[in-house]
1. Considering the range B:66-82 alone, what residues qualify as being within 8 Å of chain A (Cβ to nearest Cβ) and surrounded by fewer than 22 Cβ atoms within 10 Å (Cβ to Cβ)?
2. For the range A:128-143, does any single residue satisfy the condition of being buried (at least 19 other Cβ atoms within 10 Å of the Cβ) and either free of Cβ contacts under 8 Å to residues at least 40 places away in the same chain or closer than 30 Å to B:Ser86 by Cβ (or both)?
3. Which condition from (1) under 24 Å from A:Pro160 (Cβ atoms); (2) within 14 Å of chain B (Cβ to nearest Cβ); (3) part of a helix (DSSP H, G or I) is the one that A:Val112 breaks?
4. Tell me which residues, restricted to the range A:58-96, are out of contact with any Lys or Arg (no Cβ under 7 Å at 6 or more places or on another chain), under 19 Å from B:Leu56 (Cα atoms) and either in a helix (DSSP H, G or I) or modelled with pLDDT of 90 or more (or both).
5. Would you be able to tell me the number of residues in the range B:223-239 that are under 16 Å from B:Ala210 (Cα atoms) and either modelled with pLDDT under 80 or of a type outside the set (Asp, Glu) (or both)?
6. For the range A:26-49, check the following and say yes or no: at least one residue is within 14 Å of another protein chain (Cβ to nearest Cβ) and in contact (Cβ under 8 Å) with a residue 12 or more places away in the chain.
7. Would it be correct to say that B:Leu110 is surrounded by 22 or more Cβ atoms within 10 Å (Cβ to Cβ) and facing chain A (nearest Cβ under 9 Å)?
8. Sort out for me the helices (runs of 4 or more DSSP H) sitting completely within the range A:139-233 that have 3 or more residues that are closer than 22 Å to A:Ala244 by Cα and either of a type outside the set (D, E, K, R) or at pLDDT 90 or above (or both).
Amino acid sequence: MTKHFLGDTAVLLGRSLTHVSRSVDTIITTAITPIAMMLLFVYVLGGAINSGQDSYVNYLLPGILLVTVASGIAYTAFRLFLDMKSGIFERFQSMPIARSSVLWAHVLTSVVANLISLVVVVGVALLMGFRSGAGVLAWLAVAGILTLFTLALTWLAVIPGLVAKSVDGASAFSYPLIFLPFISSAFVPTDTMPGPVRAFAENQPVTSIVNALRDLFTQQPVGTDIWTALAWCVGILIVTYVFATVIYRRKIS
Amino acid sequence: MTTTQVPGPAIQVRGLEKSYKELRVLRGVDFDVARGAIFALLGSNGAGKTTVVKILSTLLRADAGAASVNGFDVATKAADVRESISLTGQFAAVDEILNGRENLVLVARLRHLKNPGKIADDLLARFSLTDAATRKVSTYSGGMRRRLDIAMSLVGNPPVIFLDEPTTGLDPQARVEVWQAVKKLADQGTTVLLTTQYLDEAEQLADRIAILHQGRIIVNGTLAELKQLLPPAKVEYVEKQPTLEDVFFAIVGADGKDGAANDRTVGADK
């Protein structure tokens, strides 16, 4: 059965990418929240924020990219939920296909759709004056970290997609994720925050990921932040993957 | 299909039990379905018909008992069972965003068949969906959706097909269309297990009928055998009134296109 895993995943990936291409609004709505935040922070609040960098949009973009991913993965939960409810999920499960390919197709679709949204957001940031002297390798590292982050959050999104009782329930989990960057170094440096808030901000995953991306964009040595960031991404990925897989097995047996 | 034909009945169910928490849905279900037969599982809502279908199509595990499909045990040879079956669930399991042809091609690819495009075109023609092939399924009527759903189940000609309440929620014309499709299937030698809560549907289609009640099969036989269970027929004289269904079909035509009495308006005097 597993001999068909790659082929089946490719066929199902083609199916959900068709869904994405026929509802381009999902890409746009994914990008709209982070773009609106970026406009608000750069042109309204940014003047009053002392980020320690010349250009606030340069400071802001890494955090905005994480917000983009956090708002994009809600669609994975949504699409998975619809498949579960519509009966097409059961049709797939009663067919001679590799069963895990049904989930992997949704996860890979999420990666592709989110990368497109990220490109849109970076494009808008460039129009707003974002500049980076980062070389090809640094950009690849940025893309790698963001892909890993997307994978980790997507597997998290699979869980509500599988267990939710309503459409709202399937996508509501992403709201706290969108706000996590606010209590991090994404919008303002953490050293102005009061003790306990600062302790939380400096030790939650967003800060290390944002710092690593920022160092890559500004051609600074990435230091230990990148390892902390990778450890967070891989850690979240493993935990959510295991949980999602266990829940999935229970659903289909 | 590469599935090898295994001798014996197409479906064999012995002592099947299943509970959802406290609720004992199946309390020892036994039946056989001969190859090429249409077997109707009749029961009211909540009788456990869907549970039986889900166990037979490897979506659910039984608590006790044994079941085999096409000679393969559903618990230990699930992959072989899936090669042998197709499931048409209670709600049309079609992809709304794809068009009709893309839905069929998708299933053909997932069944690892050659020429998915040709298979799709043939089935579209067979189920009178060629004209709608490139339209999004979300624009289809309930009957078209069901026809596409059944067509998707026929991709690869699996020897056993499960139809779980195939006509629930359909209008009378769509029902007749589905019935015709099911009869054609059986003519080609496909084994059909059909669940329904409509007595006339079982009467129209099934070679054998089993009634599932309170978790057990309480009767199992041909229509003639079931009729013998009742006291012999009495002769009564009753005026034959057309049913509303007779009237409906007389006016709109049985094929849903042009009725014989198409232009008639009740009470109109031309």
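1. B:Ala79
2. No, the range A:128-143 has no match at all.
3. Result: A:Val112 fails condition (2) only.
4. Answer for the range A:58-96, where residues must be out of contact with any Lys or Arg (no Cβ under 7 Å at 6 or more places or on another chain), under 19 Å from B:Leu56 (Cα atoms) and either in a helix (DSSP H, G or I) or modelled with pLDDT of 90 or more (or both): A:Ile88, A:Phe89, A:Glu90, A:Arg91, A:Phe92.
5. Residues meeting the conditions: 7.
6. Initial filter on the range A:26-49 (within 14 Å of another protein chain (Cβ to nearest Cβ)): A:26.
Within this subset, residues satisfying the condition of being in contact (Cβ under 8 Å) with a residue 12 or more places away in the chain are A:26.
Within the range A:26-49, one or more residues are within 14 Å of another protein chain (Cβ to nearest Cβ) and in contact (Cβ under 8 Å) with a residue 12 or more places away in the chain.
7. Working: surrounded by 22 or more Cβ atoms within 10 Å (Cβ to Cβ): yes; facing chain A (nearest Cβ under 9 Å): yes.
It is true that B:Leu110 is surrounded by 22 or more Cβ atoms within 10 Å (Cβ to Cβ) and facing chain A (nearest Cβ under 9 Å).
8. Working: elements: A:167-172, A:174-179, A:195-202, A:205-217.
Because the criterion is at least 3 residues that are closer than 22 Å to A:Ala244 by Cα and either of a type outside the set (D, E, K, R) or at pLDDT 90 or above (or both), the helices (runs of 4 or more DSSP H) in the range A:139-233 that meet it are A:167-172, A:174-179.
The values are calculated or read from the model by the stated rules, or taken from the named source; none is laboratory data. Remember, it's a predicted structure, so these values are computed and weren't measured experimentally. Here the Cβ is made from the backbone with ideal geometry for all residues, glycine too, and neighbour counts use every protein chain on show. Note: areas computed on protein heavy atoms with side chains; ligands, DNA, RNA excluded. Shrake-Rupley method; radii C 1.70, N 1.55, O 1.52, S 1.80 Å.
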